[in-house]
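Engineer: Please see the structure below; I have some questions.
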Amino acid sequence: MSSASTQPDYTTISNINFTGGFPTSADLAPSIVFLILYALTIPVLLWRWFRKSDRTTILIRPTVFQACRIGMLVIRAYMSKNTYGEGLLIAELVLVSIGFLFLIDPVSELWKNQVASHMPKHERPGWIVRLTWLIKILILVAIATAIAGSVQISSAIDDPSKLDMVKHLRQASVVVSFAAVVVVAIAAALTHFRYPLDHRGTIYILTVAACLIIVSVYRMVQTFSTDPSAPVRSLAAFWVLQMVFEFFAFCLIIGISIPTWFPGEKGRLSRTNSDEEMGRITPAQQVQVQQK
C-alpha cells in the first residue's frame, strides 16, 4: 500500500504486507459505511442473546468478532485522516487479522450440532470425532500464531531483524485458518452425503463456509504476494474480498435461531422422547395433541 510513505516511522514494517495495509484517506468512506452496517446488526445480536429460544454459547464468537470489527473500523476511520502512533497502528492490525478467526469456530460448532441433531453419539463414526478435534486444533493454532505475530510487531518496528519472525507467524496463521475453513466445508459435505442429515442445515453451513473460504483465499494470496502493485494488495480487494464476505458470513450466523436450526444432542433427545410419547397414545389422542 502506498500509505507507508506517509508514515515514515513505520516504513521498516511495510514489507510485512499487512492485510488492508496502512490506512489512507481512501479508507474513510468504506470505514463509515461498514460501521453503519455493523451498528445495524447490534440489535439483532442483542435480540438473539436476550431471547431464550435463540440463546447459545455459539454466539460468543460472533459477538467477539463484531466487537473486533467495530473497533477496527473506528480506529481505521480515525487513522485515515489523522497522524497515528505505534499503539494505534498495532491495535488496528491486530483487530484486522484476528477478528476473522472468530467466525470459523461457529461454523464448526454448527456442523457438530447438525451431526448431533440427527445421530446418537454411539452411532457417530470415529472420523467425525477426530475431525471435530482437528478443526478445533487448527483454529487454536491460527489464533495463537496470529496473536504471537501481532505482539512481535512492536519489537519489529524497533528491530528490523524480527520482521521475518512476524511474517512467518502471520503466514502460518493465514494458512492454518484457510485449512480450518476448508476442512469444515469438506466435513459438512461428507457427512451430508453419507448420513441422513437435513438439506437445509448443510446448505446453510456450506454457504457460510463459502464466504469464509473467499476471505481465507484472499488473506493467503495477499499475505504471500510480493508485488506491491498486485491487484490483491489494493484497497478495493481488501474491502470487497475480506470485509464484504466477512459481513455476509456474520449476518448469516446471527440471522437464524441457531438452537432451532441446529438443536444438537439435546434437541435430538427431546424429539426422540416426544416421538416415543406420541407412539404410546391412540391416534385420536395424537390428533388432539397436534391441534393444541
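The values are calculated or read from the model by the stated rules, or taken from the named source; none is laboratory data. What you see is a predicted model, and the numbers here were worked out from it, not measured in a lab. We place every Cβ from the backbone using ideal geometry, glycine too, and count neighbours over all the protein chains shown.
Engineer: Scan the stretch 51-81 residue by residue and report those that are buried (at least 19 other Cβ atoms within 10 Å of the Cβ) and either of a type in the set (D, E, K, R) or touching a strand residue (DSSP E or B) at 6+ places or on another chain (Cβ under 8 Å) (or both).
Structural biologist: Arg61, Arg69, Arg76
Engineer: Please go through the stretch 180-218 and pick out each residue that is among the aromatic types (Phe, Trp, Tyr) and within 17 Å of the chain's Cα centre (by Cα). Show your work before the answer.
Structural biologist: Restricting attention to the stretch 180-218, the residues satisfying the condition of being among the aromatic types (Phe, Trp, Tyr) are 193, 195, 204, 218.
Matches in the stretch 180-218: Tyr204, Tyr218.
Engineer: Can you tell me which residues in the stretch 52-75 are outside any helix (DSSP H, G or I) and touching a residue at least 40 places away in the same chain (Cβ under 8 Å)? Working first, answer last.
Structural biologist: Just the residues of the stretch 52-75 that are outside any helix (DSSP H, G or I), to begin with: 52-56.
Passing the criteria: Ser53, Asp54, Arg55, Thr56.
Per-residue answers, yes or no, for (1) surrounded by 18 or more Cβ atoms within 10 Å (Cβ to Cβ); (2) of a type in the set (Val, Ile, Thr); (3) at pLDDT 95 or above:
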site: Phe224; (1), (2), (3): no, no, no
site: Pro231; (1), (2), (3): no, no, no
site: Ala236; (1), (2), (3): no, no, no
site: Gly255; (1), (2), (3): no, no, yes
site: Ile258; (1), (2), (3): yes, yes, yes
site: Arg271; (1), (2), (3): no, no, no
site: Arg280; (1), (2), (3): no, no, no
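A quick yes/no check of all residues on (1) surrounded by fewer than 16 Cβ atoms within 10 Å (Cβ to Cβ); (2) within 12 Å of Leu110 (Cβ to Cβ); (3) in contact with a Phe, Trp or Tyr (Cβ under 9 Å, 6 or more places away or on another chain):
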| position | (1), (2), (3) |
| --- | --- |
| Val176 | no, no, no |
| Ala180 | no, no, no |
| Val183 | no, no, no |
| Ala187 | no, yes, yes |
| Phe193 | yes, no, no |
| Pro196 | yes, no, no |
| His199 | yes, no, no |
| Tyr204 | no, yes, yes |
| Ile214 | no, no, yes |
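Engineer: Does the stretch 128-154 hold any residues that are of a type in the set (Val, Ile, Thr) and surrounded by fewer than 16 Cβ atoms within 10 Å (Cβ to Cβ), and which are they?
Structural biologist: Initially, the stretch 128-154 is screened for residues of a type in the set (Val, Ile, Thr), giving 128-129, 132, 135, 137, 139, 141, 143, 145, 147, 151, 153.
Val129, Ile137, Val151, listed by residue number.
Engineer: Hey, any hits in the stretch 85-101 for a residue that's touching a Ser or Thr at 6+ places or on another chain (Cβ under 8 Å), more than 20 Å from Trp239 (Cβ to Cβ), in a helix (DSSP H, G or I) and in contact (Cβ under 8 Å) with a residue 40 or more places away in the chain? Let's see the steps before the verdict.
Structural biologist: We begin by selecting, within the stretch 85-101, every residue touching a Ser or Thr at 6+ places or on another chain (Cβ under 8 Å); these are 86, 90, 93-94, 96-98, 100-101.
Retained after the next criterion (residues that are more than 20 Å from Trp239 (Cβ to Cβ)): 86, 90.
From the residues that got through so far, the ones that are in a helix (DSSP H, G or I) too are 86, 90.
Cutting the leftovers down to in contact (Cβ under 8 Å) with a residue 40 or more places away in the chain gives us 86, 90.
Yes; the residues of the stretch 85-101 include at least one that is touching a Ser or Thr at 6+ places or on another chain (Cβ under 8 Å), more than 20 Å from Trp239 (Cβ to Cβ), in a helix (DSSP H, G or I) and in contact (Cβ under 8 Å) with a residue 40 or more places away in the chain.
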